[in-house]
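What follows is calculated from the coordinates using simple rules that are stated; it is not laboratory data. This one's a predicted model, so the numbers in the text were calculated from it and none came from an experiment. When we count neighbours, we look across all protein chains shown, and the Cβ atoms used for this are built from the backbone with ideal geometry, even at glycine.
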Amino acid sequence: MADSRTSNDGSRDGSSTPTPSNPSSPEAPSSSPPPPPPPQPFSLIEPSELKSKKQKRRVFRAFRSVFRSLPIITPSCKLPVNPIGLQSDSHVANSGIRVTGTLFGYRKGKVTLSVQETPNCLPSLVLELAMQTNVLQKELNAGMVRIALECEKLAGKDKAKVFEETLWTMYCNGKMTGHGVRREATEEDLNVMELLKAVSFGAGVLPGMNSETEGADGELAYIRACFDRVVGSKDSETLYMLGPDGNNGSELSIFMVRI
């Protein structure tokens, strides 16, 4: 009886050694998720038009100051006039500048137009058109497509270029479809340009950046070709789609007019 009481008393006071914790199950420290990988750098270069813009202004100012300091000399003879019947070089100026144009977008999303100086350059124009990608594909399969973009001429914007306008009213084959908006190139736009850097002409699909969408809706369709950029005046420009052989295919034309 005494031994049992002693053991009971010893278990009641705090002199008994504590039971060691199980070392096999330590408390797991709180771990934060790993940081996202850094975005992949793009190798696209700036177009020469933007790169040399400031340099051209400096050269023009220097040339103008030198030209004003020169004396005015009246020529003693007149320049000869081309005889009637000889062809002038106006057709060279009217042929336009060769640029790279890309139309891309998700099947149920809006089409984006990107214009580049070359496939290796950053876009000089990114315009979101008021038309779904699948609708544009049906129009192209049916025949020729004529897209007209009109914007209002505002006072004080005479020096702005046509490509610099932000809001356009869009017509496709004579039917009004809505409003197109000029915007800055997004990461997805630059990713498309980077993937198509080696493509000069063609059409197909690319994997979209939206991984939540699967199937055909998650694929990004594109059409890339060379365009003739013809400047009609300070208020009008036209993009004529060319065929693989460099001739005018007449399948797609985009008219941009400021009225």
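Express the relative contact order of the range 117-259 as a whole percentage, based on alpha carbon pairs under 8 Å and six or more residues apart in sequence.
28
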Would you mind pulling out the separation of the Cα centroids of the range 231-259 and the range 115-135, in Å?
14
Quick one: which of LYS108/LYS197; LYS153/LYS197; LYS175/LYS197; LYS110/LYS197; LYS153/LYS175 span more than 27 angstrom between C-alpha atoms?
LYS153/LYS197; LYS175/LYS197
Nearest 0.05, what FRET efficiency do LEU206 and GLU164 give at R0 = 30 Å with Cβ-Cβ as r?
0.60
The range 107-123 residues near the modelled VAL135 label - backbone nitrogen below 20 Å, point 7 Å along Cα→Cβ
107-114
Per-pair calculated FRET efficiency, R0 = 51 Å: ALA155 and LYS197 via Cβ, rounded to 0.05:
0.80
Tell me which residues come under 5 Å, amide H to amide H, from THR177 once H is placed; ignore anything under 5 positions away on its chain.
MET170, TYR171, CYS172
Roughly how many nanometres apart are two label points built 7 Å out from the Cα toward the Cβ at ASN247 and GLU188?
3.8
I'd like to compare 221-230, 174-183: which one has the highest average count of other Cβ atoms within 10 Å, and what's the full order after that?
221-230, 174-183
